[in-house]
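This report concerns only the one structure given below.
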Amino acid sequence: MFWDNIMSTLTAAYTAGSMLTLVLNSLAALVLSLLVFLSYRLTYTGTAFSKKFMISLGMMSLVTTIIMNVISNNVALSLGMVGALSIIRFRTAVKDVRDATYIFWCIAIGVACGVSLYAQALVGSVVIFVFLLVCGQVHTEGRYLLVIRGNAESRGRVVNAVTGYFKNTATLRSQTITAERGDLIFEVSARALKKYSASRGSSICESLVKIDGVESVDLVQQTDDISR
């Protein structure tokens, strides 16, 4: 009797019209997910690009669409779904702050398509897509970390050399000083490095490594997500 009641409830809830609505909502979410895929592929410039994450974005839109289709106009199911989802804990770290915006975008698509608001989902997605394309053409000036390792006596010579080379365009970010070591890290702009190479005919690394007491010089490029 119990299972009969459940089956009769499900049959009444999912009529032919409801199934058609679910199919249309899912197809709309799938089509808009392709727009998210395209935006993610065109605008992502980091080194941590993940195809698995891109596929997960589409799955997120479809899952959200199914959830919204189930709980729409049903307060009891809405409360039950909130309770069920509250016990799920996600521990996957977001590598890039932009990934969080893509997650919210896919959730918004799923919510809108789940309640059959196709026009709102389409217009909002197109606006976001254009916005991301425009912002993707804006590039900030590249920054580099100049890591100099040497003995303690070389510290003063290195500071004087870098200050003389770059004036106020080099910033001392870190220094490690011991009785025997004097490691320094400077932040320098790509423009300043290019200007130095053009005027001196050699790179800054080649010049600094010639200083007495300097053991090695590393030049590390900084990006929005990780250094490389």
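The values are calculated or read from the model by the stated rules, or taken from the named source; none is laboratory data. The model shown is predicted, which means the values in this text are computed figures rather than measured ones. Please note: Cβ atoms are built from the backbone with ideal geometry, for glycine as well, and neighbour counts cover all protein chains shown. Heads up: the accessible areas ignore ligands, DNA and RNA and are worked out on the full protein's heavy atoms, side chains in. Shrake-Rupley method; radii C 1.70, N 1.55, O 1.52, S 1.80 Å.
If you take the residues of region 45-65 that are at pLDDT 60 or above and in contact with a Ser or Thr (Cβ under 7 Å, 6 or more places away or on another chain), which of them is most open to solvent (accessible area, probe 1.4 Å)?
It comes out as 62.
May I ask you to list the residues in region 66-117 that are at pLDDT below 85, open to solvent by less than 50 Å² (accessible area, probe 1.4 Å) and aromatic (Phe, Trp, Tyr)?
Selection gives nothing.
Residue under question is residue 167, and the condition is that it be out of contact with any strand residue (DSSP E or B) (no Cβ under 7 Å at 6 or more places or on another chain) and modelled with pLDDT of 80 or more; does it hold?
So residue 167 fails the test.
How about region 142-228: which strands (runs of 3 or more DSSP E) wholly inside it have at least 3 residues that are open to solvent by less than 40 Å² (accessible area, probe 1.4 Å) and closer than 30 Å to residue 97 by Cα?
Qualifying strands (runs of 3 or more DSSP E): 143-150, 182-189.
Among the residues of region 168-200 satisfying the criterion of being farther than 21 Å from residue 150 by Cα and of a type in the set (Ser, Thr, Tyr), which is farthest from the chain's Cα centre (by Cα)?
The residue in question is 199.
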